Amino acid sequence: MIDNDTLNRREFIRLSSYLAIGLALPSTLQAANQPIYKTIPKSGEQIPVIGMGTSRTFEARNDPVLLAQLQQVMQTFFDQGGGMIDSSPMYGSAQQVIGTLLPMIKGEKNLFSATKVWIDGQQAGIEQMASSRQQWGIERFDLMQIHNLVDWQSHLETLNQMKTEGKIRYTGITTSHGRYHNQLISILKKHAFDFLQLTYNINEPEVESQLLPLAQEQGIAVIINRPYQRGSLFRHTKGKTLPPWASEFDCTSWGQFFLKFVISHPAVTCAIPATTKAKHMIDNMQAGKGRLPNQKQREMMRSYFKSL
């Protein structure tokens with residue numbers, strides 16, 4: 001049980017981080033301060049709806065300035081109640097950077113560790129996953145995912161065995177490419193996974209038609225990558241004003257607008273935006289608090305975005 005002193009310390013850290021970085025406090029802070037969790041269908045475990053991606057942002061092994069910046073990003077993530085950090089051997093030095101930064105974090109860190117296997121060959125996959133664990137500096141991963149379907153048959157056998165032996169907690173499969181969607185649908189209909197990771201945002205709704213309903217039907221948790229379409233959504237809305245009704249679901253920025261659209265889909269469990277700036281991390285985490293748009297409001301969001 002969390003006592004009042006702990007809550008007060010957390011609130012102080014949270015408010016201080018807003019002021020230190022120069023981000024304006026939302027006018028509806030008290031109402032919008034309740035964190036949102038979603039349930040992993042296969043276990044009943046709940047996790048925060050906003051996680052942290054590391055693609056293109058955590059490749060900082062030989063850059064001390066960026067490394068210090070990322071330490072602040074990670075500290076802010078955990079101060080704000082973050083859980084899932086997602087990475088991959090595909091992301092350059094990202095996993096080594098995660099392993100470097102995790103011991104530097106002060107206070108609580110409720111880490112939900114998620115990475116991927118991305119190599120051909122069953123034994124090569126086993127070795128790659130062991131290397132990833134060493135780079136992170138953790139005893140075991142919460143979630144191991146097959147990245148972009150690479151040699152998925154071999155790795156699925158390994159992942160199922162690792163889960164049985166308690167070496168990982170959950171199995172998953174990912175794609176960030178629409179060309180794999182039909183193959184992924186076929187795989188999910190025949191094989192059991194705990195998690196599915198894919199691309200979904202307000203400008204790329206393709207997975208709404210089949211993959212998200214299939215995940216719901218089969219009780220698969222869903223992680224969303226590229227919720228900002230690699231930043232292109234912000235270029236689309238540059239200089240544009242949020243609709244006044246965005247305040248009805250505690251939304252005060254375009255970043256929150258895009259993330260709340262994603263995580264309000266009933267099939268979505270968690271989104272993993274990536275950033276190198278602490279002030280953006282605060283904004284991302286605020287999207288995982290307060291109210292979410294209902295179905296009518298989601299359609300309003302979609303229409304408003306298209307009209308810009």
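Placing +1 on the Cβ of every Lys and Arg and -1 on the Cβ of every Asp and Glu, with no other charges, gives region 4-307 a dipole of roughly 660 debye about its Cα centre. Computing percent of Cα pairs over 27 Å apart directly from the structure and comparing it against [x] 44; [y] 37; [z] 41 singles out [z]. Under a model in which nothing but the beta-carbon of Lys, Arg (+1) and Asp, Glu (-1) is charged, region 194-302 shows a dipole of about 560 debye around its Cα centre. Taken one residue at a time, the phi angles of region 131-136 give Karplus couplings (6.51, -1.76, 1.60, θ = phi - 60°) of 5, 4, 4, 5, 5, 6 Hz. Gly and Pro are set to x. 3J(HN,Hα) along region 235-246, derived from phi through the Karplus expression 6.51 cos²θ - 1.76 cosθ + 1.60 where θ = phi - 60°, amounts to 5, 5, 9, 4, x, 9, 9, 4, x, x, 6, 4 Hz, with x in place of Gly and Pro. Net charge of the neighbourhood of GLY137, taken over other residues with C-beta under 15 Å away and scored Lys/Arg +1, Asp/Glu -1, is +2. Each other residue within a Cβ distance under 15 Å of GLU248 adds +1 if Lys or Arg and -1 if Asp or Glu, for a net charge of +3. Rounded to whole numbers, the Karplus 3J(HN,Hα) couplings from phi for region 268-279 are 7, 9, 7, 10, 10, x, 10, 7, 10, 10, 4, 5 Hz, using 6.51 cos²θ - 1.76 cosθ + 1.60 with θ = phi - 60°, and x at Gly and Pro. For the cross-link pairs LYS116/LYS289; LYS38/LYS238; LYS38/LYS277; LYS109/LYS277, the ones whose C-alpha atoms lie over 24 Å apart are LYS116/LYS289; LYS38/LYS238; LYS38/LYS277. When the chain is described by a simple charge dipole with +1 on each Lys and Arg Cβ and -1 on each Asp and Glu Cβ, the residue from ALA267, ALA287, GLY83 located farthest towards its positive end is ALA287. Projected onto the charge dipole of the chain (+1 at Lys/Arg Cβ, -1 at Asp/Glu Cβ, origin at the Cα centre), which of PRO64, GLY44, LEU308 gives the Cα projection farthest towards the positive end? Sorting the options by dipole projection puts first LEU308. Modelled this way, with points 7 Å down the Cα-to-C-beta line, the labels at SER307 and MET90 are 3.7 nm from one another.
Peptides 39-49, 92-102 ordered by packing proxy, namely the average of other Cβ atoms within 10 Å per residue, highest first: 92-102, 39-49.
Considering only the other residues whose Cβ falls under 9 Å of the Cβ of GLN197, what net charge follows from Lys and Arg at +1 and Asp and Glu at -1? Surrounding charge for GLN197 is 0. Per-peptide packing, taken as the mean over residues of other Cβ atoms within 10 Å, places 66-73, 138-145, 206-213 in the sequence 138-145, 66-73, 206-213 from highest down.
Averaged over residues, the count of other Cβ atoms within 10 Å places the peptides 51-63, 270-282, 177-189, 250-262 in the sequence 250-262, 270-282, 51-63, 177-189, highest first. Placing a label point 7 Å from the Cα of GLU108 along the Cα-to-Cβ direction, the residues of region 63-87 whose backbone N falls under 17 Å from that point are 75-85.
FYI, it's all coordinate maths here, none of it is from the lab. These figures come from a predicted structure and were not determined experimentally. Here the Cβ is made from the backbone with ideal geometry for all residues, glycine too, and neighbour counts use every protein chain on show.
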